[in-house]
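Asks: Just passing along the structure, written as structure tokens.
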């Protein structure tokens, strides 16, 4: 399927399956496919054009691409990030990554998740509400991280060239804005 043929969320999943695999570009523009080795050291976020050109993306880039594709077909959607909280002073470059981004879309009074970056859960999942969707998706990743608490944060953009630490700081800054409002 080609990008200009996308008309529905199901088409987006088909497009992702046909064209994008899990991987990332590093600060030297080298491709890393289905590996997280040195991720914290040399990862950088890619633009949607780079994702389409290289046909790879982490959950961060894949969710942003699906967000753009949903916007292009006028389907309301939101992007979220679930992670084990890491503050600004966290700098263990050998630590595992405990972050997953996901997109929800809203159609016919239902909430759906398109999951593509987590290759064990590829599909479209239906929920009765945004609250239930976030709770159930987050619970899955809590269990994957051996019960560790995980905040979920809505995010709005993915700027190209951010390191993992920079992207995490962006997500933390959104939490801080929410806390300041209350």
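Asks: Can you tell me how many residues in the stretch 30-68 are part of a helix (DSSP H, G or I) and within 22 Å of residue 152 (Cβ to Cβ)? Write out each step before concluding.
Replies: Residues of the stretch 30-68 that are part of a helix (DSSP H, G or I), as a first pass: 39-42, 48-54, 59-68.
Among the residues that remain, those that are also within 22 Å of residue 152 (Cβ to Cβ) are: 39-40, 59-68.
Residues that pass the stated criteria total 12.
Asks: Here are the criteria: (1) within 28 Å of residue 25 (Cβ to Cβ); (2) out of contact with any helix residue (DSSP H, G or I) (no Cβ under 9 Å at 6 or more places or on another chain); (3) at pLDDT below 90. Tell me which single one residue 168 does not satisfy.
Replies: With (1) within 28 Å of residue 25 (Cβ to Cβ); (2) out of contact with any helix residue (DSSP H, G or I) (no Cβ under 9 Å at 6 or more places or on another chain); (3) at pLDDT below 90 applied to residue 168, the lone miss is (3).
Asks: On to the next question. Quick one: which of 54, 98, 67 is touching a strand residue (DSSP E or B) at 6+ places or on another chain (Cβ under 9 Å) and modelled with pLDDT under 95?
Replies: Details: 54 fails: modelled with pLDDT under 95; 67 fails: modelled with pLDDT under 95.
Only one candidate qualifies: 98.
Asks: Could I ask something else about it? For the stretch 29-88, name all the residues that are buried (at least 18 other Cβ atoms within 10 Å of the Cβ) and free of Cβ contacts under 8 Å to residues at least 40 places away in the same chain.
Replies: 32, 51, 54, 56, 67, 77
Asks: Quick one: count up the residues across the stretch 11-42 that are modelled with pLDDT of 95 or more and within 16 Å of the chain's Cα centre (by Cα).
Replies: Number satisfying all stated conditions: 10.
Asks: Turning to a different aspect of this structure: Only one of these is out of contact with any strand residue (DSSP E or B) (no Cβ under 8 Å at 6 or more places or on another chain) and assigned to a helix (DSSP H, G or I): 165, 159, 148. Name it.
Replies: Details: 159 fails: assigned to a helix (DSSP H, G or I); 148 fails: assigned to a helix (DSSP H, G or I).
It is 165.
Asks: Which pairs turn up if I take residues in the stretch 125-150 that are within 17 Å of residue 112 (Cα to Cα) and look for partners that are part of a loop (DSSP other than H, G, I, E, B) with beta carbon separation below 7 Å, at least 6 apart in sequence or on another chain?
Replies: Listed pairs, sorted by first residue: 138/150.
Asks: Okay, moving on. Please verify whether residue 10 is assigned to a helix (DSSP H, G or I), touching a residue at least 24 places away in the same chain (Cβ under 8 Å), surrounded by fewer than 20 Cβ atoms within 10 Å (Cβ to Cβ) and out of contact with any helix residue (DSSP H, G or I) (no Cβ under 9 Å at 6 or more places or on another chain), treating the condition exactly as stated.
Replies: The answer is yes for residue 10.
Asks: Something else: Select from the stretch 118-150 the residues that are surrounded by 15 or more Cβ atoms within 10 Å (Cβ to Cβ) and within 20 Å of residue 77 (Cα to Cα) and write down the one among them that is farthest from the chain's Cα centre (by Cα).
Replies: 127
The values are calculated or read from the model by the stated rules, or taken from the named source; none is laboratory data. Being a predicted model, the structure only gives us computed values, none of them experimental. Reconstructed Cβ throughout: ideal geometry from the backbone, glycine too, with neighbour counts over all protein chains shown.
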